[in-house]
1. Could you tell me the largest-minus-smallest coordinate of the C-alpha atoms of the stretch 44-329 on each of the three principal axes, in descending order and whole angstroms?
2. Each residue of the stretch 59-76 in turn: what ³J(HN,Hα) in whole Hz from Karplus with 6.51, -1.76, 1.60 and θ = phi - 60°, glycine and Pro shown as x?
3. Which FRET efficiency, nearest 0.05, do residue 115 and residue 168 yield, Cβ-Cβ r, R0 30 Å?
4. Beyond 19 Å, how much of the Cα-Cα pair distribution for the stretch 199-263 remains, as a whole percent?
5. Among all the lysines, which ones have a C-alpha under 24 Å from residue 98's C-alpha, if same-chain residues fewer than 8 places away are not counted?
6. Can you compute the modelled spin-label distance between residue 68 and residue 42, with each label point 7 Å from Cα toward Cβ, in nm?
7. Points 7 angstrom from Cα along the Cβ direction at residue 280 and residue 176: gap in nanometres?
8. For the stretch 99-167, what does the alpha-carbon gyration tensor say about shape, rounded, prolate or oblate, given a ≥ b ≥ c as the root eigenvalues, a/c under 1.5 as rounded, and a/b over b/c as prolate?
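Since every read-out is calculated from the coordinates, none of them should be taken as a lab result. Keep in mind that what you see is a predicted model, and the values were worked out from it rather than measured. Don't worry about glycine lacking a Cβ; one is built from the backbone with ideal geometry, like all the others, and counts go over all protein chains shown.
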Amino acid sequence: MTARSRVVLLVLMGTLTALSVGCLSDRQEDAPQVLEPSESSDPLDLERIVRSTVTHGLPAAVLVVENASGSIVDSVIVGEPEWSPLNGGTRSAGSVMKVLVLAAAIETGTSPGETLDVPRCFVLQEQTTCAPAAGRYTVAEATTSSINPAFVLLYGRVPRGMVVEHGAFFDMDLEDTPTVILGVHPVSMESIAALFVAIANDGVTKTITDQDGLSVVPANGRYVSRETAGTLRSLLRSVVTEGTGVAADGPDEPYGKTGTAKTLAASGQTDAWFAGSTETHTIVVWVGPLPLEELSADETPRFVPVVSGGGWPAEIFRSVADGIKASVSS
């Protein structure tokens, strides 16, 4: 081979290598981020768990609270802090808010096996919400499958103002309207955690304290009876075993509720939540939409996945619960 031939061959090889690297980079931009294990090997590395699950740069937050004390043991925000419902922020929580309606209904005499004649759809303040089909559903079935029209009926059964009063137990500012079952009123992750901690403690509220020991959500005495709290745990367990939150299930037998709020209809994005508890901890997960100004700043159209509470939030709950167990065992 002549010297000139060798030079041409080397140039061609260099060009092919550059093209190959460029194609790989393009693929990596669209692929989920894969993180190397941290040197600390901390099984409860919340940021690592979130970043290894959520893609496309969507913001997310996780809050972990000890049931016995109400103490926040860990939390993380991935993305813009002021956009999340943690540390002072609020967002729409979707069907997680059905827990308040369910608690009020049970506390006033509704039983899980009671049958509801559910219409196909309701129109609530210009929003149409529908069941998979009109028909007869038990309260337990409506909870497991998160059937909106059934919860509109339940809301109508409870004394006027009761759901608003129950929300105030946990620093939630709600309006006395059936739209509460859609989670349209913004709430904080700390308030949702306080609700689930009360359910874990047989209906008694706990002061939720931050990692400096300061009160975030104050205790307000008994929320619901011991019997109602036990019924709630059983009903919410079915959400995880056979309903919308199966991705959160595990050997610790958690119970919880999914929530998906269509808060940015113009872009089709959602606020997706999963809130639930194991015997020892309550975990609240939020995966949110990208701000519209961030989307409009892109020169080319950007694909953004539509997230539901039973998707990434439930998966993150499971990973965090597993991490808690592993950190206790180690």
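1. 50, 44, 33
2. With the stated coefficients, the stretch 59-76 comes to x, 7, 8, 9, 10, 10, 10, 7, 5, 5, 10, x, 7, 6, 9, 6, 7, 7 Hz.
3. Efficiency computed from Cβ-Cβ geometry: 0.45.
4. 51
5. Counting by Cα, and skipping residues close in sequence, residue 98 has these lysines nearby: 206, 257, 262.
6. About 2.2 nm separates the two model spin labels.
7. Going from the residue 280 label point to the residue 176 one covers 4.3 nm.
8. Oblate, since a/c reaches 1.5 and b/c is not below a/b.
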